[in-house]
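The values are calculated or read from the model by the stated rules, or taken from the named source; none is laboratory data. Since the model is a prediction, treat every value here as computed from it, not as a measurement. Reconstructed Cβ throughout: ideal geometry from the backbone, glycine too, with neighbour counts over all protein chains shown.
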Amino acid sequence: MIWARLGQLGAVVALGALGAACSSSDAGGKATDTSPPPTTVLTTENFGMQHSGDGTFYATADGSGACGYDKTADVHIAALNSTDWADSAWCGACADVTGPNGNLVRVRIVDECPDCTPGQLDLHPDAFAELAPQTEGRIKISWTFVACDAVGPVKYKFKDGSNPYWTAVQVRNSRYPISKFESSKDGSTWKELQLQKFAYFLTDTGFGPGTTQVRITAENGTTLSDTLPEVQASLEVPGQAQFQ
């Protein structure tokens with residue numbers, strides 16, 4: 001998968017151990033520490049082209065949806081129009097959104113909005129309210145994908161129904177979208193998993209019994225490697241590091 005990189009702005013600031021469906025509103029890395037401390041990564045880096053379109057909101061926004069994430073109390077979330085969503089490639093990505101008055105809000109993509117037009121974001125109502133009064137319903141916005149603020153290492157989530165012979169894995173809590181996911185049993189021969197429309201990387205022959213080495217590549221070309229335990233449906237496993 002080739003990701004467009006049309007520019008980067010700003011710098012990455014790392015601060016250690018700080019802790020840290022849609023209806024429109026129109027009307028370890030290789031670290032050896034097995035228990036990595038939480039790390040907050042704040043950034044003003046952006047990538048890709050600037051988008052523009054309509055900003056709306058949907059009352060049912062709760063973090064769940066086409067990306068397959070769990071419900072969340074976080075209001076800084078959005079559904080992405082199908083054109084830009086690109087068959088789930090941007091699930092988990094973050095975007096800085098600017099409203100008509102110059103107000104800016106950072107949101108994470110958690111859902112697809114099939115009824116939205118290209119360039120449109122359907123936001124959580126509270127996120128929309130940070131850009132304009134909800135009574136406006138529909139506003140003009142511009143937005144750019146940015147590296148997410150992250151707390152702690154990346155996480156790996158085995159999809160429900162996964163087993164050693166049919167394995168689907170999703171990378172969560174990543175600063176960047178994942179462009180490549182590989183697995184290996186011996187550390188020398190790697191097999192690439194394929195991203196599915198349901199936002200998980202899949203190998204239909206499975207990881208097989210026992211532990212599996214994985215290597216993930218982020219949009220910016222950096223990689224992390226981890227060892228995952230034997231596949232267990234719905235299990236979430238923390239990695240050893242976060243993309244910097």
Quiz prompt | Any hit, region 111-118, residues being of a type in the set (V, I, T) and touching a strand residue (DSSP E or B) at 6+ places or on another chain (Cβ under 8 Å) | solution = yes
Quiz item: Here are some conditions: (1) part of a strand (DSSP E or B); (2) buried (at least 20 other Cβ atoms within 10 Å of the Cβ). D96 meets all but one. Which one does it not meet?
Solution: (2)
Quiz prompt | For D87: the one exception among (1) at pLDDT below 95; (2) under 15 Å from I77 (Cβ atoms) | solution = (2)
Quiz prompt | Filter result (more than 14 Å from the chain's Cα centre (by Cα) and assigned to a loop (DSSP other than H, G, I, E, B)) within region 198-219 | solution = D204, T205, G206, F207, G208, P209, G210, T211
Quiz item: Across region 195-207, what is the number of residues that are surrounded by 18 or more Cβ atoms within 10 Å (Cβ to Cβ) and over 23 Å from L80 (Cα atoms)?
Solution: 2
Self-check item: Failed item in (1) modelled with pLDDT of 95 or more; (2) over 28 Å from L228 (Cβ atoms); (3) surrounded by fewer than 19 Cβ atoms within 10 Å (Cβ to Cβ), with K155 passing the rest
Solution: (2)
Quiz item: If you check I216 against the conditions, is it assigned by TED's automatic domain parsing to the domain that holds Q50 and either surrounded by 22 or more Cβ atoms within 10 Å (Cβ to Cβ) or farther than 26 Å from V107 by Cβ (or both)?
Solution: no
Exercise. Just name the residue that is modelled with the lowest pLDDT out of those in region 65-84 that are buried (at least 17 other Cβ atoms within 10 Å of the Cβ) and not in a loop (DSSP other than H, G, I, E, B).
Key: D84
Quiz item: What is the residue count in region 121-171 for residues that are among the β-branched types (V, I, T) and assigned to a loop (DSSP other than H, G, I, E, B)?
Solution: 1
Practice problem: Please determine, by comparing only the residues of region 220-234 that are exposed (fewer than 15 other Cβ atoms within 10 Å of the Cβ) and part of a loop (DSSP other than H, G, I, E, B), which one is farthest from the chain's Cα centre (by Cα). | Solution: E230
Quiz item: Does region 183-194 contain at least one residue that is crowded, with 21+ Cβ neighbours inside 10 Å and of a type in the set (V, I, T)?
Solution: no
Exercise. Kindly provide the set of residues from region 159-182 that are crowded, with 23+ Cβ neighbours inside 10 Å and over 21 Å from R106 (Cβ atoms), ordered by number.
Key: T167, A168, V169, Q170
Quiz item: Does region 30-64 hold any residues that are at pLDDT below 95 and at positive phi, and which are they?
Solution: G48
Quiz item: Within region 149-167, is there a residue that is out of contact with any Pro (no Cβ under 9 Å at 6 or more places or on another chain) and farther than 30 Å from T203 by Cα?
Solution: no
Practice problem: Could you figure out which of (1) in the same structural domain as A93 (by TED's automatic domain parsing); (2) over 30 Å from N101 (Cα atoms) isn't true of S179? | Solution: (1)
Exercise. Output the residues belonging to region 203-241 that are touching a Lys or Arg at 6+ places or on another chain (Cβ under 9 Å), more than 26 Å from V146 (Cα to Cα) and not β-branched (V, I, T).
Key: F207, G208, G210, Q213, A233, S234, L235
